[in-house]
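Okay, structure first, notes after.
Taken together, the values in this text are just the output of simple stated rules run on the coordinates, not laboratory data. Predicted, not measured: the structure shown is a model, and the values here were computed from it. Reconstructed Cβ throughout: ideal geometry from the backbone, glycine too, with neighbour counts over all protein chains shown.
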Amino acid sequence: AAASEGLTNYSVLSALWIIPPPLRAICQADDTRIQGFLYPGHVSAIIGLEPYRFIAEEHGLPGAVTGFEPVDILLSVSSICDQKLAGKPDVTNTYTRVVRPDGNPRARRLMDEHLELKDARWRGLGRIPASGLRFREHLAPFDAEKRFDLNVDREGEDLPGCRCGDVLKGKITPPECPLYGETCRPDAPYGPCMVSFEGACLAYYKYKTRI
Ligand code: SF4
């Protein structure tokens, strides 16, 4: 629409990521202690179940596509426990009211038409090849990164003391990070896992007292 209207004062900065590559990185890490995955329902509504299949087949880890209500989480935890007990790692879907097994092919076609893969940096995991998305060339006039010569993917050191990577690999729970709740809080986040609504440390901080 912006192109057809000839807009010149409209630009977008892509901050889009692909989920399977970091999951593969976590599974392949020597020190990972993950025993099962709750797969994100909103992502799965687009990509479906197949992109997670390698986790069950190659790494023997169970998982379930999960919605965002408490009962969705419980259903998925139950499914993961069932898979564990049966010794049959799988990719189940407990969010069937939203997620179809093949996801949304039309949305994927549109994404493929306008976006292409790029290497990207992940919180606590570093740079992962082909794990991010940028605009294809025909959208360059609206690409803020190109238009304003931004370098959003520059290499950077992990924050000193932040143990986000260990949280993501299941090596520690968030409170085991010395900065949790003191230097790093939702109202004054220090590390990336405390920033976003989906961050493990923020979720732990927000809900731990309600369990
Ligand atoms: S509590 Fe903060 S500093 Fe510690 S791992 Fe989480 S995000 Fe990083």
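Counting only helical runs of four or more DSSP H residues, what would the 222 nm mean residue ellipticity of the chain come to if each run contributes -39,500 (n - 2.57) and the total is spread over all its residues? Kindly include the intermediate steps, with their values, before the conclusion.
On the way: 8 runs with 67 residues, N = 211.
When only DSSP H runs of four or more count, the value is -8500 deg cm²/dmol.
As I understand it, the dipole of the chain uses +1 on the Cβ of Lys and Arg and -1 on the Cβ of Asp and Glu, about the Cα centre. Which of T92, G170, A29 lies farthest toward its positive end?
T92
Taking H placed 1.01 Å from N in the peptide plane, check which residues at least 5 places from R127 or on another chain put their amide H under 5 Å from its amide H.
The list, which skips near neighbours in sequence, is W122.
Quick one: order I18, I46 by neighbouring beta-carbon count within 10 Å, fewest to most. Present the calculation step by step, with values, prior to reporting the outcome.
Working: I18 19, I46 16.
Fewest-to-most ranking of I18, I46: I46, I18.
Mind listing the long-range amide H neighbours of D143? Cut-off is under 5 Å, sequence gap 5 or more, other chains count too, H placed in the peptide plane at 1.01 Å from N.
V12
State the antiparallel share, in %, of DSSP beta bridges confined to the chain, rounding to the nearest 5. Each step should come with its number before you reach the end.
Working: 10 of 19 bridges.
Expressed as a percentage, antiparallel bridges in the chain total about 55.
Just to confirm the number: angle between the C-alpha axis of helix 70-86 and the first principal axis of the chain, 0 to 90 degrees, nearest 10?
Helix 70-86 sits at roughly 60 degrees to that axis.
Taking a threshold of 24 Å on the Cα-Cα distance, which of the pairs K88/K208; K146/K169; K84/K118; K88/K206; K118/K146; K169/K208 fall above it? Before the final figure, lay out each step's value.
Values: K88/K208 30 Å; K146/K169 34 Å; K84/K118 35 Å; K88/K206 33 Å; K118/K146 14 Å; K169/K208 19 Å.
Flagged as over cut-off: K88/K208; K146/K169; K84/K118; K88/K206.
Hand me the trypsin sites (Lys or Arg not before Pro) from the range 7-65 located in a DSSP loop with no more than 14 other Cβ atoms within 10 Å, in residue order please.
Details: sites: R24, R33, R53; in loops: R33.
Passing both the DSSP loop test and the Cβ count: R33.
I'd like the Karplus ³J(HN,Hα) series for the range 44-53: coefficients 6.51, -1.76, 1.60, θ = phi - 60°, whole numbers in Hz, and an x wherever there's a Gly or Pro.
With coefficients 6.51, -1.76 and 1.60, one gets 5, 4, 9, 8, x, 9, 4, x, 8, 4 Hz.
How much length would be gained if the chain were fully extended between Y207 and D149, taking 0.36 nm per residue of separation minus their Cα-Cα distance, in nm to one decimal?
16.9 nm
Which far-off residues, 5 or more places away or on another chain, put their amide H under 5 Å from the one on G48, with H placed in the peptide plane?
Amide H neighbours of G48, under 5 Å, 5+ apart: G103, N104.
Using DSSP to define loop residues, name the GluC sites (Glu not before Pro) in the range 123-211 whose beta-carbon has at most 14 other beta-carbon atoms within 10 Å. Show your work: numbers first, answer last.
Working: sites: E137, E145, E155, E157, E176, E182, E198; in loops: E155, E157, E182, E198.
Filter output for the range 123-211: E155, E157, E182, E198.
Go through the range 12-20 residue by residue and turn each phi into a ³J(HN,Hα) via Karplus (6.51, -1.76, 1.60, θ = phi - 60°); whole Hz please, and just put x for glycine and proline.
Here the 3J(HN,Hα) series is 10, 9, 6, 10, 9, 10, 9, 7, x Hz.
Within the range 40-76, which chymotrypsin sites (Phe, Trp or Tyr not before Pro) sit in a loop by DSSP and count at most 14 neighbouring Cβ atoms inside 10 Å?
Details: sites: Y52, F54, F68; in loops: F68.
Within the range 40-76, the qualifying chymotrypsin sites (Phe, Trp or Tyr not before Pro) (loop, at most 14 other Cβ atoms within 10 Å) are F68.
Stretched out fully, how many nm does the piece from E182 to E5 gain, at 0.36 nm a residue minus the Cα gap? Let's see the in-between values first.
Details: separation 177, 0.36 × 177 = 63.72 nm, distance 4.99 nm.
Gain in length upon complete extension: 58.7 nm.
Quick one: helix 105-114 against the long Cα principal axis of the chain, what's the angle to the nearest 10°, folded into 0 to 90?
Between the helix axis and the principal axis of the chain, the angle is about 40 degrees.
Treat the count of other C-beta atoms within 10 Å as a stand-in for reagent exposure and order C164, C201 from fewest to most. Please report the intermediate quantities before stating the final value.
On the way: C164 25, C201 29.
With the sparsest Cβ surroundings first, the list reads C164, C201.
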